[in-house]
Ligand code: FES
């Protein structure tokens, strides 16, 4: 944008180029008036509202109501609210995986913020990839921005037990696969897992990203965990609209808020809440837009010194609405205070330290523990390195079985997702509960775009005999709502020629979570032979976004952003 456009405000920003700026503004005003706005309204600062309601996104069903509330706040504060649609990413409605389209949404958000005449923007997101995409786009556009989280679903009682997407979805599906419940039962449960609007009710990726957004200082305080259907959610929307008007013309842009220190604060929160492994990828991508590198070695240092304070599914017992009632992310931040960078600026204009000063509100200690009495002494995530993962891999140790942490096992290899689907339940599959299931070619450049397939199902014959967990290794991701001894994000991925591609049935693999190691116990000479015979897994797509994606996507430890979108 030209310097003179930056100095203009409202409708006069970023004029359409007809070679005559006065004509451009005259024409724009004229067309804007066709929407019925008065001259007074058109002279106000403009707050864009990036919204992603869609018939293909159940989690965003309530967004029209949120947009109305944001508009109310903007108008009350003297601005003109103009909402605009963005790409919408409904997690379970996208093929091959929503992950493939996070960067597309981020590009859409960045370019539409930049191209349209707005002085500040309210970003509304809820479902898994939408919050990171909005924050990535806003960080790159660097216009004053405030994040409004859509909020989690409410869990609902069913047959005497509260159910909520999506840990319970997986739990019951595993029971069904093991023959413990009938087809009629699973059909009945299907209608009782997700019964309100909002994002998944547990500490999955959506809740993790909401928590990260608040930890970064990009939301209003105390708003990350408000349930989607709670009236406070609408009040948060109205307040976000008001605050957006106050941000107009200030230097309080995402570049001032998303810094190396606030990223580290967000990592602490990610660890303390037992957050999703996906949260690490997305936070790394957001950081990359701000020119901040996230190191997996630093993650391990932080993880060793950050206890788990929150008891939400899939690692604990509660739901996100319980965290809201217990004190929300503010209660977590208050406990973590000695470990945080308190001089980080937030979107309110206060530092984090100023936000956390004063008397602490009531906290439900069943849900948020004191720092001195945590649920677990160490953070939920650990990065592993070794000959099988030279650039790193991730294990969510808080959702895994510690009995499987120090093991050597025989590899049972699946060469692709199709191979997995075809053979995992075969009665003649040569597999025991002590083996390591290995999935290849499910990483960013595989053509599958790194789906949440790392939660490999327990082979049916083992599941029926009562096996609940096994070591599973892949270059895929895992849903934040899943659990098990699952090693993910192996990098470099198989499709990029990483050592994972060279694993064969019967190889020995050594896992040591204590030593942060993942090693393939095969001679170098044998590996060299296999490498010489290795052929690329996926052909470059001929055209379109799939081609751009495969060409430009980075590995997991770089956040799976496109190489040309990170800040130099
Ligand atoms: Fe949208 Fe889970 S499906 S957050």
Could you check how many residues of segment 54-89 are away from the ligand (no atom under 16 Å from the Cβ) and outside any loop (DSSP other than H, G, I, E, B)? 18
Listed by range, helices (runs of 4 or more DSSP H) wholly within segment 223-293 having at least 2 residues that are surrounded by fewer than 24 Cβ atoms within 10 Å (Cβ to Cβ) are 231-247, 254-257, 260-272
Within 16 Å of the ligand (Cβ to nearest atom), in a helix (DSSP H, G or I) and surrounded by fewer than 24 Cβ atoms within 10 Å (Cβ to Cβ): is that true of residue 92 in this structure? yes
From (1) within 16 Å of the ligand (Cβ to nearest atom); (2) under 19 Å from the mean Cα position of the chain (by Cα), pick out the condition that doesn't hold for residue 214. (1)
Meets criteria (within 22 Å of the chain's Cα centre (by Cα) and in contact (Cβ under 8 Å) with a residue 12 or more places away in the chain) for residue 90: yes
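Do any helices (runs of 4 or more DSSP H) entirely within segment 125-206 hold 2 or more residues that are closer than 30 Å to residue 108 by Cβ, away from the ligand (no atom under 14 Å from the Cβ) and touching a helix residue (DSSP H, G or I) at 6+ places or on another chain (Cβ under 8 Å), and if so, which?
Values: elements: 130-141, 167-177, 183-190.
Correct list: 130-141.
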Those strands (runs of 3 or more DSSP E) lying entirely in segment 369-460 with at least 2 residues surrounded by fewer than 23 Cβ atoms within 10 Å (Cβ to Cβ) and more than 26 Å from the chain's Cα centre (by Cα): 406-414
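Every read-out reported here was derived from the displayed coordinates using simple, explicitly stated rules and does not represent laboratory data. Small disclaimer: the values here were computed from a predicted structure and weren't measured. Here Cβ is always computed from backbone atoms with ideal geometry, including for glycine, and neighbour counts include all displayed protein chains.
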